[in-house]
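Accompanying notes for the structure given below.
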Amino acid sequence: MNDTMIKNIKSLILPKKTDKPLKGKEMDDLEVVDDAMVVIDGGRVVYAGAETDEYDAKETIDAKGMIVSPALVDPHTHVVHGGSREHEMALKRQGVDYLTILEKGGGILNTVEQTRKATHEELFEKASKNIVRMVQHGVLTVESKSGYGLNRENELKQLNVSREIAENFPIEMKHTFLGPHAIPKGTDSETFLNEMIDLLDEVKDISDFADIFCETGVFTIEQSRRYMEAANEKGMRVKIHADEIDPLGGLELAIEQNAISADHLVAASHTGKSMLKDSATVAVLLPGTTFYLGKDQFADARGILDNDGAVSLATDYNPGSCVTDNLQMIMAIAGLKLKMTPNEIWNAVTVNAAHAIGSERGTLAEGDAANLVIWDAPNHEYIPYHYGVNHAHTVIADGEVVYVRPGLLV
């Protein structure tokens, strides 16, 4: 007898399980099964498909005509950090751009100061609150970057907090070393980059990826290439913050270095976007950041998809440029501003998001870990349509219920 059956599912969302990310037109292909059920045993999916009488279980969960999908995957966050930067909102409203705020000691450097002051325990407590909210919104896989330490002691502190979170919450975490995230005061980019390259030997055993911020005023294409090559030589897979503000060619570099993902890409070139077709690199788009910064130009998702590239979506949760734990909100912005279809959006926050961080999650095929969400929505198009609220009713991690939406107070 199986452990659990979820019955009376109005619609079951089944992204295609593949060994490569979905590209181009494939991203608009999403299997949705009506009148469905899911059977779970030993924390894994035994069956996910149309209602049948072939199975029984010790426990039955009544989905009550709601929809079910794999748990969401957030492939780009900066969840471990100290402090907050709400005071910068007034500057943004006045039209002060990010690089100017950075030059004044705000932005990343402000968060660096607060992160360095915070103890391991304080960072863990702060990040835990964000992780709980992410789980409550249907996310059970999170990529977590360092990058607010900018020295050996504090980069290691961030990574170790991230690893402790993974040990204490029912989620999968991927840990990314983003040492070259900004240039600390009192040094220059070349000196600091060399320090971060030297640190790769120490962080490679506690990190899944190495990342770098390639942008005007931070690290150049040439510096980013040297860092990525050094990480590759040490057996680390690489990522890159690419072409967020200026079209430097970061996407092309990501493809050249076989990066698992290239993230942001608001200013990516047509050449770079067309190269994704023949690459395993996933474009991780962060429309919440563009929205929060009040920019008019969003990443060209349609240009990537029409050129047969792979797209995923992430919150980019961070204290300065996208302060949200709600990946559902990002799904809505992707529909409104990136012109993505509901099918593309669902694939971008499940199977493709998993590929962007080397995770095997994001699908509900037989044998998969039973990480799924019961959504209080009439169909899969409704969630990106009805934005700004939490549609997650029940979240199940490895076959165990970890969150049920509170009922109304009477």
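The values are calculated or read from the model by the stated rules, or taken from the named source; none is laboratory data. In this text, all values refer to a predicted model and were calculated from it rather than measured experimentally. Because the Cβ atoms are built from the backbone with ideal geometry, glycine has one as well, and the counts that use them run over all protein chains shown. Calculation scope for accessible area: heavy atoms of the full protein, side chains included, ligands and nucleic acids excluded. Shrake-Rupley method; radii C 1.70, N 1.55, O 1.52, S 1.80 Å.
Here are a few things to note about the model shown:
- Pairs linking a residue in region 1-21 that is more than 22 Å from Pro378 (Cβ to Cβ) to a residue that is β-branched (Val, Ile, Thr) and outside any strand (DSSP E or B), with Cβ atoms under 8 Å and 6 or more positions apart or on different chains, are Lys16/Val351; Lys16/Thr363; Lys17/Val351; Lys17/Thr363; Thr18/Val351; Pro21/Val351.
- Only helices (runs of 4 or more DSSP H) whose full extent lies in region 41-153 are considered here, and the ones with at least 1 residues that are out of contact with any strand residue (DSSP E or B) (no Cβ under 6 Å at 6 or more places or on another chain) and under 30 Å from Asp201 (Cβ atoms) are 98-103, 107-117, 120-136.
- Matching option when the condition is in contact with a Phe, Trp or Tyr (Cβ under 7 Å, 6 or more places away or on another chain) and under 28 Å from Gly309 (Cβ atoms), among Ile383, Ile357: Ile383
- Residue that is open to solvent by less than 30 Å² (accessible area, probe 1.4 Å) and either closer than 21 Å to Leu123 by Cβ or touching a Ser or Thr at 6+ places or on another chain (Cβ under 6 Å) (or both), where the choices are Ile304, Ile330: Ile330
- Members of region 273-282 that are within 19 Å of the chain's Cα centre (by Cα) and open to solvent by 10 Å² or more (accessible area, probe 1.4 Å): Ala280
- Close pairs (7 angstrom Cβ cut-off, 6 or more residues apart or separate chains): touching a residue at least 24 places away in the same chain (Cβ under 8 Å) and part of a helix (DSSP H, G or I) in region 281-292, crowded, with 24+ Cβ neighbours inside 10 Å and of a type outside the set (A, V, I, L, M, F, W, C) anywhere: Gly288/Thr315; Gly288/Asp316; Thr289/Asp316
- Among the residues listed as Gly362, Gly367, the single one being modelled with pLDDT of 95 or more, among the small types (Gly, Ala, Ser) and open to solvent by 30 Å² or more (accessible area, probe 1.4 Å): Gly367
- Here the helices (runs of 4 or more DSSP H) wholly within region 313-410 that include at least 3 residues being over 24 Å from Thr176 (Cα atoms) are 327-337, 342-348, 382-385.
- Looking across region 182-200, the residues that are open to solvent by less than 70 Å² (accessible area, probe 1.4 Å) and part of a loop (DSSP other than H, G, I, E, B) come down to Ala182, Ile183, Pro184, Thr187.
- Flag for Leu285 being open to solvent by 10 Å² or more (accessible area, probe 1.4 Å) and either modelled with pLDDT under 95 or within 19 Å of Ala353 (Cβ to Cβ) (or both): no
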